[in-house]
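The values are calculated or read from the model by the stated rules, or taken from the named source; none is laboratory data. If you're wondering where the values come from, they're calculated on a predicted model, not measured in any experiment. Glycine gets a Cβ as well: all are built from the backbone with ideal geometry, and neighbour counts include every protein chain shown. For the accessible areas, the whole protein counts, side chains as well, though only heavy atoms, and no ligand, DNA or RNA atoms are used. Shrake-Rupley method; radii C 1.70, N 1.55, O 1.52, S 1.80 Å.
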Amino acid sequence: MTSRTADFETRRAWLDSLEAFLTDFEPQLIAAMQADFTHRSREECLSLDLGTSISQVRYQRRHLKWWMRKRYVLTPMPFWPARAYTQATPRGVVGIMAPWNFPVYLAIAPLAAALAAGNRVMIKPSELAPQTSKVLAEGLAQYFSAEVVQVLLGGADVAAAFSALPFDHLLFTGSTDVGRKVAMAAAQNLTPVTLELGGKSPAVVMPSADLDQAARRIIWGKTANAGQICVAPDYALVPRDQMDAFVTLAESYLRAFYPKGAASNDYCGVISERHLARMDDLLTEVEARDVKVVQLSEDNIPDTQRKCAPALVIDPPLDCAVMTREIFGPILPIVPYDTVEQALNFVKTRDHPLALYVFAQDKEDQDLWLERSTSGGVTINDTVIHVAVDSLPFGGVGASGYGAYHGKAGFETFSHMKPVLHQAKWNAMSLTEPPMTGMKKRLMKLARKLM
Ligand code: NAD
């Protein structure tokens, strides 16, 4: 695959083709995702994977012309009448390594941005969603020549080899541990990397929160896609004197959302036996330590489905794995705090999370978290949804990653914002040419004052 430039019409045609692929292959993509998760509702596939993908493609296409324009900057007076601007040029060939939890969206959203920026793209989708990866490979090949978009299938060995290719830019979505390896492999080629990683995203319920609203929205964010969301609220911090009320509300929303427990049609399966066993281990450990667990029923789950019922873990010891590792599943630890300062310290002394959720009615409470904590993104009084706002950049900070994409940030991530200076026929630069006469020195002194 080689890099070339692409004009506006070409890029727009690529985005049209991408939307056509998503529309034409909707049935195959939904069936594949349902097979990979063993169970996932059609609505979840449509809203969380396909709808978000199409929305990102359209957003890129709608703004493309404006983003591609030359962006003039003020030229300092001594350089007058030269003109200066930046011009977005493609980086070249972009590599995208996508995970399994939103196997369409997390491949298509960076693809849309990379194509909008005029690049050729190679994608390595996840081996844990093999059906979806296959549809992506076969489907995209019908809409793009291999010169423009290529999908490579394979496991961890292929992924490792992929990350060592001399791309002009590489975007990896996955865990912090593998992200570190990918960054090291890319460094050998001096390939710039965007790392979209995970971590433990807290949901903080402040004393001024609407408790019912907080419980409802945290439970939604925790159980959508069975908690397999990088920005799912990992755990909830709740004022100690509101713990009982919060747990009662959270349990009632679990039961209201999933009346048949894990067997409910709207409840997603777990991606693999390994991830299911990981959930079992997390719960076994807290139960062995006499921690109270409230879990929905796992009765009547069809044999063909791999599911873990959503569970609340109430006030676990902080050295349990549910509190030391990213959960990435439908288990919600609920941790009490006594003072707001204590809650702040709890979050600030841990790795910077990918997302932070603050539930508070008082603006002062909201501002406190915005000013005194660091996270990839924030949603106030809800969970997860900032990711779907196409106009916002999306990315982590510290252990949750670096760089960003979505919307204009995606276009710029995959572009080289080339600075250009157009010199004029008549200009003052001859003043810098030797020999330095007294007159030139005086004029240079004046120029330095004007800079
Ligand atoms: P993972 O990091 O465990 O695996 C990702 C991929 O890495 C695998 O498909 C594997 O093929 C590949 N891999 C393994 N060894 C490798 C190596 N040495 N070099 C290169 N690649 C290698 O992550 P996952 O299970 O796919 O996804 C779960 C994680 O992803 C969670 O931590 C989650 O928070 C994070 N995530 C982040 C985002 C985001 O946008 N920030 C989105 C989804 C998931």
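Here are the numbers for this structure:
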quantity: Rg ratio (alpha-carbon, reference 2.2 N^0.38 Å) - the chain; calculated: 1.13
quantity: Carbon/sulfur fraction of accessible area - the chain, other protein chains in place, 1.4 Å, %; calculated: 55
quantity: Three semi-axes of the equivalent ellipsoid, segment 217-294, Cα gyration tensor, whole Å, largest first; calculated: 21, 17, 13
quantity: Distance-filtered residues of segment 66-88 - backbone nitrogen under 14 Å, label point 7 angstrom along Leu421 Cα→Cβ; calculated: 73-86
quantity: Mean residue ellipticity (222 nm) of the chain, computed from DSSP H runs ≥ 4 via -39,500 (n - 2.57), nearest 500; calculated: -12000 deg cm²/dmol
quantity: Label-point separation, Lys348 to Ile385 (7 Å along Cα→Cβ), nm; calculated: 3.0
quantity: Over segment 202-390, volume per residue of the alpha carbon convex hull, in Å³; calculated: 117
quantity: Estimated vicinal HN-Hα couplings, Hz - segment 131-143 in sequence order (Karplus 6.51, -1.76, 1.60; Gly, Pro = x); calculated: 5, 5, 4, 5, 5, 4, 5, 6, x, 4, 5, 7, 10
quantity: Spin-label pair Asp16/Trp66, simplified geometry with 7 Å Cα→Cβ offset, distance in nm; calculated: 2.2
quantity: Förster-model FRET efficiency, 45 Å R0, Thr86 and Ser208, C-beta, rounded to 0.05; calculated: 0.50
quantity: Summed side-chain charge close to Arg61 - residues other than Arg61 whose Cβ falls under 10 Å, Lys, Arg +1, Asp, Glu -1; calculated: +3
quantity: Sequence of Tyr402, Tyr253 from largest to smallest accessible area, 1.4 Å probe; calculated: Tyr402, Tyr253
quantity: Value in Å of the Kirkwood radius, where segment 57-185 supplies the Cα pairs that are averaged; calculated: 16.3
quantity: Integer Hz, Karplus 6.51/-1.76/1.60 couplings in order for segment 438-451, x for Gly and Pro; calculated: x, 4, 4, 4, 5, 5, 5, 4, 5, 4, 4, 5, 7, 7
quantity: Sites Gln188 and Thr75, calculated FRET efficiency, Cβ-Cβ separation with R0 35 Å, nearest 0.05; calculated: 0.35
quantity: Heavy atoms of Lys418 accessible to a 1.4 Å probe, total area in Å² rounded to 10; calculated: 90
quantity: Whole-number percent relative contact order across the chain, with pairs defined as alpha carbons under 8 Å at least 6 apart; calculated: 20
quantity: Packing rank of 178-184, 133-139, where each peptide gets the mean count of other beta carbons within 10 Å, highest leading; calculated: 133-139, 178-184
quantity: Of Lys260/Lys307; Lys222/Lys307; Lys222/Lys292; Lys124/Lys200; Lys124/Lys222, those spanning more than 22 Å from alpha-carbon to alpha-carbon; calculated: Lys124/Lys200; Lys124/Lys222
quantity: 15 Å Cα-Cα reach of Lys181 towards aspartates and glutamates, excluding residues that sit fewer than 8 places from it in its own chain; calculated: Asp157, Glu196
quantity: Solvent-accessible area of Met68 with every protein chain in place, 1.4 Å probe, in Å² to the nearest 10; calculated: 40
quantity: With DNA, RNA and ligands ignored, accessible area of Ser297 (1.4 Å probe; Å², nearest 10); calculated: 50
quantity: Which of Glu44, Glu326 is most accessible, then next, and so on - probe 1.4 Å; calculated: Glu326, Glu44
quantity: Accessible surface, the chain, averaged per residue in Å² (probe 1.4 Å); calculated: 44
